[in-house]
Amino acid sequence: MFALSKSTQFDWRLALHDIAGSRAHAKALRAAGLLDEGQADAMDAGLAELARRVEAGEFVAADSDEDVHGALERGLKEIVGPELGGRIRAGRSRNDQIATLIRSYLRHEIRLIAQDVDGVIAALAAQATTYLGAVMPGRTHLQSAQPILLSHHLLAHAWPLVRDIDRLRDLDRRLAVSPYGSAALAGTSLGLDPELVARELGFDSSVPNSIDGTAARDLTAEAAYVLAQIGVDLSRLSEDVILWCTAEFGFATLDDAWSTGSSIMPQKKNPDVAELARGKAGRLIGNLAGLLATFKGLPLAYNRDLQEDKEPIFDGLDQLHVLVPAVAGMVGTLTFHPERMAEVAPRGFSLATDVADHLVRSGVPFAVAHEVAGETVRYCEAGGTTLQDLSREDLPKISEHLDEGVLDVLTVEGSVASRNGRGGTAPDRVQDQLGELDAARSELGAW
Ligand code: ARG
């Protein structure tokens, strides 16, 4: 029973948050007249000393301690004596304690994750700036679609990460409500002020419902979702990097420091960071799925099942703390090969849409333009040439609608420059986008 129940092996990391909670709780006890001034001062000094011992590693959980809360109460009694130490538990339960701790712990941790994620965004933005102007094939269904700027593609991986940071900030707003004062489930009868504790702990307010305060874990699940989403976003970026670094694509080369060799094949440069990102995404999704499965059948209020919310969350945070900076390192040190990308960009008739768009601009209905563009592709295919090779003489053989102006747009650069609406891949628009990204980053950095 004890071995099953025991949680100090994973919940010890909450120790300093627990002590901060106890210091705030002691203030509420003092305000309610349940501790006199001398007792409150001694309690606060004792808790400060306990925090010092925990930080210094002088006080650790014993084999006989069931959880972090019990262990710290034992530690407090060692410092202030059993009489005063025994007063700290009045008006609270481990149920409201743990519900509060996990929120304050998460609030602290997700800020660190946000900083890590911003590091990847910064690396993408730096590469986008370095290679501004480099073209590449844009794909849908992994098939050649239309030429794009490499920078545009890199920034397309940055924006989901911006939204992830925004998600963390938004989650923090919901996490900033303290369950302390909910006690076991029904609230406290001792005149303690939950708002006082909330303020002391840096929360915006306290929960309006003590049952919800102790029983809800939707915020833990939400945190697991955002961590999983970050994993998925890094995984998609990584999949591109893996493809780009193959000999067949040849778009990029990994830095030696961010790749690995093979013990048998001397030529190998393996994208392990990217592969681990892809792999860890699966693990992070598993953590989320496990949490939701744990919560789905639980009656109100607290149930011991809820103890199972810690390890998946801790694991997700631990994984991302290591993974995200590594992805930033890998992305920031990639060398791209603009010549190779430019060579491949027009392949697969990726300029066909430009033929159609040109005709539309000269007044032809799109359905007809689409038809003529298709005819143009078939003409080139039959002659074993590409759209870029078309000459003035070819045009009347394909369609009466084709005028010489089409030859100007049948270049990769012309195609890219023509997509100049907001959010498009034209160099000027991508330059604007870099500015927008900077603005979004500094706005989020203010959180
Ligand atoms: N360790 C528990 C958890 O993580 C908190 C303790 C509540 N235990 C109890 N028997 N009421 O959820």
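The values are calculated or read from the model by the stated rules, or taken from the named source; none is laboratory data. Bear in mind that the values here come from a model prediction, so they are computed numbers and not experimental data. Positions of Cβ are generated from backbone atoms using ideal geometry, with glycine treated the same way; all protein chains shown enter the neighbour counts.
Observations, loosely collected:
- Residue among LEU351, LEU444 that alone is touching a residue at least 60 places away in the same chain (Cβ under 8 Å), within 30 Å of ILE113 (Cβ to Cβ) and outside the structural domain of GLN127 (by TED's automatic domain parsing): LEU444
- Criterion violated by THR376 - all others in (1) hydroxyl-bearing (Ser, Thr, Tyr); (2) farther than 30 Å from ARG217 by Cβ; (3) within 28 Å of the chain's Cα centre (by Cα) satisfied: (3)
- Selected residue [modelled with pLDDT of 95 or more, assigned to a helix (DSSP H, G or I), closer than 24 Å to LEU196 by Cβ and touching a Lys or Arg at 6+ places or on another chain (Cβ under 8 Å)] from LEU29, LEU16: LEU29
- For segment 323-333, the condition holds for no residue, the condition being that it is closer than 20 Å to LEU227 by Cα and within 16 Å of the ligand (Cβ to nearest atom).
- Of all residues in segment 34-44, those satisfying the criterion of being more than 14 Å from GLU73 (Cα to Cα) and part of a helix (DSSP H, G or I) are GLU37, GLY38, GLN39, ALA40, ASP41, ALA42.
- Flag for ALA56 being out of contact with any Pro (no Cβ under 9 Å at 6 or more places or on another chain), under 16 Å from ILE79 (Cα atoms) and not assigned by TED's automatic domain parsing to the domain that holds GLY187: yes
- Qualifying residue in segment 76-83 (condition: in a helix (DSSP H, G or I), in contact with a helix residue (DSSP H, G or I) (Cβ under 6 Å, 6 or more places away or on another chain), surrounded by fewer than 22 Cβ atoms within 10 Å (Cβ to Cβ) and free of Cβ contacts under 8 Å to residues at least 12 places away in the same chain): yes
- Every residue from segment 49-71 that is more than 16 Å from the ligand (Cβ to nearest atom) and part of a helix (DSSP H, G or I): GLU49, LEU50, ALA51, ARG52, ARG53, VAL54, GLU55, ALA56
- Selected residue (only one of ARG278, ARG217, ARG236, ARG283 is buried (at least 18 other Cβ atoms within 10 Å of the Cβ) and over 30 Å from GLY187 (Cβ atoms)): ARG278
- Residue that is surrounded by fewer than 17 Cβ atoms within 10 Å (Cβ to Cβ), at pLDDT 95 or above and not in a helix (DSSP H, G or I), where the choices are PRO266, PRO299: PRO299
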